[in-house]
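Single-structure report; data block below.
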Amino acid sequence: MSSHGGTEQGKDIITLNKSNRPCAFQLKTGRIDKEVLRTLHGELTELVTMPIRFPGIPQSKHYAYFVTNGELNDIAMNDIDALNEGFKKNGYPIVQVITKGQLLQEFIEAQGKFLPTDIPDFHRFLELLLHDGKDMLPKNQIALLIESILMAEYKRPKTALPRAISSSLLLTGYALGNQYTSNNHVAIMEAWVLMASYIMGVSEKYQLPLKSYQEPLNLSMLGMKSALEMLRKESIDQNSFVEEYQLLYDGIVYRTRITMVLGFLSAAAIGRKIAGESNWVDKELDDLIEGYLPYIQICGESALPFVYMIARYCGSRIRPLLDESLVLSALDGILSANAPHAKGKGIPDPYHSMEECLRLSVGLVDEERTENHNCMSYTLPSLVEFLASRIWRQALRMRWKSISKIQFEEFIPDQPWELFRWHNNTGSVTVRFPQKKQSWSELRQVYKEIDDTKLPLGVKTFPELLPVFLCVYPHRFTLNMSRYLNSLL
């Protein structure tokens, strides 16, 4: 591979084919039109006319390839044909063009045994390959891609599942190409958390021994941790959450971006604390979070796990009681927005992403078509119990009349391992109103009551993943999960 210095002579990669014939490749990205091609004439000429001089490469005529992950328009293709006519007349090889479509086809042929054979699965994979790397990760699509491979293998012997897990890992890595190119650390991290979650879920369902899935799980965790470390470094180095390419409308998403990034970084640090790692203490992260703490906001219940992780980190590292005041502020926000006679339809439940909530808040979603979230909450019970565990009796007593008017909701899948699935078609929804008069001693007691039978095995085996998992899967921030998390801290 070329280091792109002055002696590369138009060749990014040189290799030998099966016939021991030298091959030279020039690599470009994006769509190639007449104007772009004009700037490449010199490099293409060198690619064809300059002989390959490299140890181990025979001194003979070489094949020349021009490769782009985009497409060439007709005018650019005609120009290359004209160049090739001149090359042939002078005894040189012609430039052979390989575009995105050909690359994809060759990839399919080379990796066919790993790819889903169902056309809808392939269509989804292609959509993910072409997804804008700067956008939020389409988590539902990544989850469906992973499931399409793993679910297909459910019909086969259990011994085939480790190969299916490896296949899912491979495709997830390929699907993240644009995100890696764009340095979209959040999207990369979320994808690897999804992958790790599905590995733990399917392994629990089919009682696979740890050794059969340890390596792909370790790779998924490594992808997650690497992305989180890059996010931390970028956030601390830049000390700014403004995206330059979004200056016209960045103010709309600025506070939500801060909440998300600080939430993920706090969750990662808490995970390291749970794992007993000494490097969870991070003075630079302390300063970053403290500086931007006034800007965090709750645009929907999907933001609650982020705010909760920030609160728990602050209480441990920045200032005593800060976690309690932040949780109390979050509780007040839900009580105000989702009260029975509140103006509007309340803040959306955790099944609506933060991006969806932002779209709703600025009028990009027809409000007439959205659900009414007044008098209900999925996350309020966790906040109430946290404050009860910290003996905020007077604060809760003053708010109990409002709390008792909010319906507590929770989805419980049929099997604990299904909590690792992004979406479940089966399960039950529990709905209850708090008692109008609540015994303080009872409230103080229940926060310790963890239902171990409803916790996935992966959560108990790898508890250090739980904080980040709850941010990626905000709809899994249930009462039982929060109780378990609190027991670890």
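The values are calculated or read from the model by the stated rules, or taken from the named source; none is laboratory data. All values derive from a computational prediction rather than experimental measurement. Here the Cβ positions follow ideal geometry from the backbone for every residue, glycine too, while neighbour counts run over all protein chains shown. What goes into the accessible areas is simple: the full protein's heavy atoms, side chains included, and nothing from ligands, DNA or RNA. Shrake-Rupley method; radii C 1.70, N 1.55, O 1.52, S 1.80 Å.
Say R0 is 25 Å: what FRET efficiency, to the nearest 0.05, do residue 90 and residue 35 get from their beta-carbon distance? My answer for the efficiency is 0.45.
Pull out a ≥ b ≥ c, the square roots of the eigenvalues of the alpha-carbon gyration tensor of the stretch 49-93, then state rounded if a/c is under 1.5, prolate if not and a/b is larger than b/c, and oblate in the remaining case. In terms of gyration-tensor shape, oblate. Modelled spin labels at residue 284 and residue 332, positioned 7 Å past Cα toward Cβ, are 3.5 nm from each other. Only helices at least 20 Å long along their axis, Cα-based, and averaging 1.0 or more on Kyte-Doolittle count here, so list those DSSP H runs from the chain. Helices meeting the span and hydropathy rule in the chain are 322-337. Please give the residues of the stretch 284-298, grouped as numeric ranges, whose backbone N is less than 16 Å from a label point set 7 Å along the Cα-to-Cβ vector of residue 361. The answer is 293-298.
For the chain, the Cys residues with no second cysteine's beta carbon closer than 4.7 Å are 23, 314, 375, 471.
With all protein chains kept in place, the per residue accessible area of the stretch 220-357 amounts to 44 square angstrom at a probe of 1.4 angstrom.
Put simply, when 375-382, 289-296 are sorted by average Cβ atoms within 10 angstrom per residue, most first, you get 375-382, 289-296. Distance between the pseudo-spin-label points of residue 102 and residue 21 (7 Å out from Cα toward the beta carbon): 1.4 nm. Taking a sphere under 15 Å around the Cβ of residue 322 and counting the other residues whose Cβ falls inside, with K and R at +1 and D and E at -1, yields a net charge of -1. From helices alone, the chain scores -17000 deg cm²/dmol at 222 nm; the rule is -39500 (n - 2.57) for each run of n ≥ 4 DSSP H residues, then divide by the residue total.
Pairs of C-alpha atoms in the chain farther apart than 41 Å represent 32 percent of all such pairs.
Cα convex hull, the stretch 403-443: 101 Å³ per residue, rounded to a whole number. Amide H to amide H distances under 5 Å link residue 63 with 23, 24, where only residues 5 or more positions off or on other chains count and H is placed in the peptide plane. Apolar share of the accessible surface for the chain: 53 percent from carbon plus sulfur atoms, 1.4 Å probe. Across all Cα atoms of the stretch 280-373, the radius of gyration (one decimal) and Dmax (whole number) stand at 15.2, 47 Å. Near the amide H of residue 72, within less than 5 Å, lie the amide hydrogens of 32, all on another chain or at least 5 residues away, with H placed in the peptide plane. The residue 210 and residue 444 beta-carbon pair, evaluated with R₀ = 30 Å, returns a calculated FRET efficiency of approximately 0.20. Expressed in Å, the radius of gyration and Dmax of the Cα atoms of the stretch 161-280 are 16.5, 52.
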